[in-house]
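First comes the structure, then the notes that go with it.
Values quoted throughout were computed directly from the atomic coordinates according to the rules given, and no laboratory measurement underlies them. The model shown is predicted, which means the values in this text are computed figures rather than measured ones. Here the Cβ positions follow ideal geometry from the backbone for every residue, glycine too, while neighbour counts run over all protein chains shown.
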Ligand code: CA
């Protein structure tokens, strides 16, 4: 095993990354009592919470054995799945163990999505079949625990028509709440007009599309791997920021004005770049320029979550530049299962009303969570 792969496994399995509630309590117990988030008058809804069915993890392992030439980032990132033991157990779990972890961390609800890179590393037919199966399994878990779980529809973007049909099925027949896209598909972005049927279906069914990071697209992967920066350190954020701006620049939101996009990790740096993106917008090539400056869409169509970034300066800055209706809470379970981060977010120096938006009501509105609960009642 090379050094990069070993480092990734250490990251994936690292301290606090995927510990169960009892293991976490034990870790804390040696020093002081494990902190428990107190009832705060709002529901804590975590919006970027990962899962993966066993069938997908097995299919990944088989694909990795072939060392696929068109998926160099996947190979660099996921390496040897056999070594990921406890971590993959947590991903596949949709029953009591996950609920116990949520209870111990004061999380009322998880919005679940198929972990990156999901089905997008496979050929079109395999990817579609795996997406359909995983959506069925997720919908079953959501039906069993409608107050604790919500779920996003996984799609295989390779075939946009089938993907659009799966969005329709997921929203109307399975009762799921949005769409998960694990960034690039074979190096391509949804900005390409050939994928716009996906946006059409998402807008028509009021399904927000969550673009979650994966390894950078093959055409830009090399320097990231060379400098060991292809993960959550930098590569993930650059990949999704580029994907999001490509969608804005292509005029997707001019064509689909009611479409909602969600990105995590503090908006993958975009709030911080907003001023310069607008300043350089007038000199952009007219063929690659949205009707309005990027900040217009960032404040009308895009929502961000704080997955992986339980950091007061980021949350309050994003609320200031995008608006407090656009920033949502996420834990990034099981990758970042850290109870102390929940408490840190409870202690944000903002009003109770702003905190309730952050933890609860923004997510309810963006992911149509109350519709689902009313239907289930
Ligand atoms: Ca995540």
Highest average packing first - 234-243, 316-325, Cβ atoms within 10 Å: 234-243, 316-325
Taking 263, 343 and counting other C-beta atoms within 10 Å, the order from fewest to most: 343, 263
Label-point separation in nm, residue 123 to residue 346, each point 7 Å along Cα→Cβ: 5.2
Residue among 269, 187, 41 with the largest mean-square fluctuation in a Gaussian network model of the chain, springs linking Cα atoms under 10 Å: 41
Top of 330, 219, 50 by mean-square fluctuation, Gaussian network on the chain, Cα under 10 Å: 219
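What share of the DSSP beta bridges in the chain is antiparallel, in percent to the nearest 5?
5
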Contact order relative to length of the chain, as percent, for alpha carbon pairs under 8 angstrom and 6 or more apart: 19
Value of relative contact order over region 186-280, rounded to a whole percent, pairs C-alpha under 8 Å and six or more apart: 38
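Classify region 68-190 as rounded, prolate or oblate from the Cα gyration tensor: take a ≥ b ≥ c as the square roots of its eigenvalues, call it rounded if a/c is under 1.5, otherwise prolate when a/b beats b/c and oblate if not.
Oblate shape, in that a/c is at least 1.5 and b/c is the bigger or equal ratio.
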Least to most buried among 355, 144 (fewest other Cβ within 10 Å first): 144, 355
Residue among 69, 204, 141 with the largest mean-square fluctuation in a Gaussian network model of the chain, springs linking Cα atoms under 10 Å: 69
Rounded Å value of the spacing that divides the Cα centres of region 113-188 and region 230-287: 23
Residue 292-residue 186 FRET efficiency (beta carbon distance; Förster radius 35 Å; 0.05 resolution): 0.70
Added length on full extension, which subtracts the Cα-Cα distance from 0.36 nm per residue, residue 204 to residue 36: 56.4 nm
The chain pair-distance distribution - Cα-Cα, 20 Å bins, rounded %: 30, 62, 8, 0
For region 138-289, share of DSSP beta bridges that run antiparallel, in % to the nearest 5: 10
Order of 295, 307 under a 10 Å beta carbon neighbour criterion, fewest first: 295, 307
